[in-house]
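One structure below.
The values are calculated or read from the model by the stated rules, or taken from the named source; none is laboratory data. As the structure is a computational prediction, the values presented were derived from the model and not from experiment. Ideal geometry is used to build each Cβ from the backbone, glycine not excepted, and the neighbour counts take in all protein chains shown. We work out accessible area using only protein heavy atoms, side chains counted, and drop any ligands, DNA or RNA first. Shrake-Rupley method; radii C 1.70, N 1.55, O 1.52, S 1.80 Å.
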Amino acid sequence: MFVVYTALSKPSKDKIVVCVGNNPPIFFWVNTDPRFHGIGQMRLSGNDHTALTHDCYLDCSRVTTFPAHELRAARQRDPITTDLADAIVKFLETEQPATLPSAQRESICQVLREHV
């Protein structure tokens, strides 16, 4: 997990993100509340990772990239656990978020299986 201070959020703020691809780096955002559309919103417990302080949602409906200067300033947190990586893969394979292209979903699952 990483914390990125980003202008992609309005207003600019720190965002907790999970890296789900490396070339280029792509991320799922962690949000306090599920997105209004309800697609691909994986509930996380505040105990799922040391960077989380309360229950929240992993937005698996889309991936995000960040400008190079924001990535350089990102603060790395502990890696996600194998259990969390497995849970994300299971969620993606079960839910198959309609807004996430299947090739991208499969690539993300492969990265999560290999990375952790």
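ALA51 satisfies every condition listed in (1) closer than 16 Å to MET1 by Cα; (2) part of a strand (DSSP E or B) except (2). Would you confirm, using the coordinates I've provided, whether VAL63 is open to solvent by less than 10 Å² (accessible area, probe 1.4 Å), among the hydrophobic types (A, V, I, L, M, F, W, C), under 28 Å from SER102 (Cα atoms) and under 13 Å from the mean Cα position of the chain (by Cα)? Here the answer is no, as VAL63 does not meet what is asked. Taking segment 17-33 as the range and being open to solvent by 40 Å² or more (accessible area, probe 1.4 Å) and touching a residue at least 12 places away in the same chain (Cβ under 8 Å) as the test, the residues that pass are ASN22, PRO24, PRO25, THR32, ASP33.
Can you find a residue that is polar (S, T, N, Q), over 18 Å from PHE2 (Cα atoms) and open to solvent by less than 90 Å² (accessible area, probe 1.4 Å) anywhere in segment 34-44?
Residues of segment 34-44 polar (S, T, N, Q): 41.
Retained after the next criterion (residues that are over 18 Å from PHE2 (Cα atoms)): 41.
Still in the list and also open to solvent by less than 90 Å² (accessible area, probe 1.4 Å): 41.
Yes, some residue in segment 34-44 is polar (S, T, N, Q), over 18 Å from PHE2 (Cα atoms) and open to solvent by less than 90 Å² (accessible area, probe 1.4 Å).
Yes/no per residue for (1) in contact with a strand residue (DSSP E or B) (Cβ under 6 Å, 6 or more places away or on another chain); (2) of a type in the set (Asp, Glu); (3) at negative phi; (4) not in a strand (DSSP E or B):
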residue	(1), (2), (3), (4)
ASP14	yes, yes, yes, no
VAL17	yes, no, yes, no
PHE28	yes, no, yes, no
HIS37	no, no, yes, yes
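Considering only residues in segment 91-106 that are under 14 Å from the mean Cα position of the chain (by Cα) and not aromatic (Phe, Trp, Tyr), the one that is nearest to PRO24 (Cα to Cα) turns out to be GLN104. Could you check segment 70-104 and list, in sequence order, the residues that are exposed (fewer than 12 other Cβ atoms within 10 Å of the Cβ), of a type outside the set (Gly, Ala, Ser) and assigned to a helix (DSSP H, G or I)? The answer is ARG72, ASP83, GLU93, THR94. Put simply, of GLN76, GLN104 the only residue that is touching a strand residue (DSSP E or B) at 6+ places or on another chain (Cβ under 9 Å), modelled with pLDDT of 90 or more and not hydrophobic (A, V, I, L, M, F, W, C) is GLN104.
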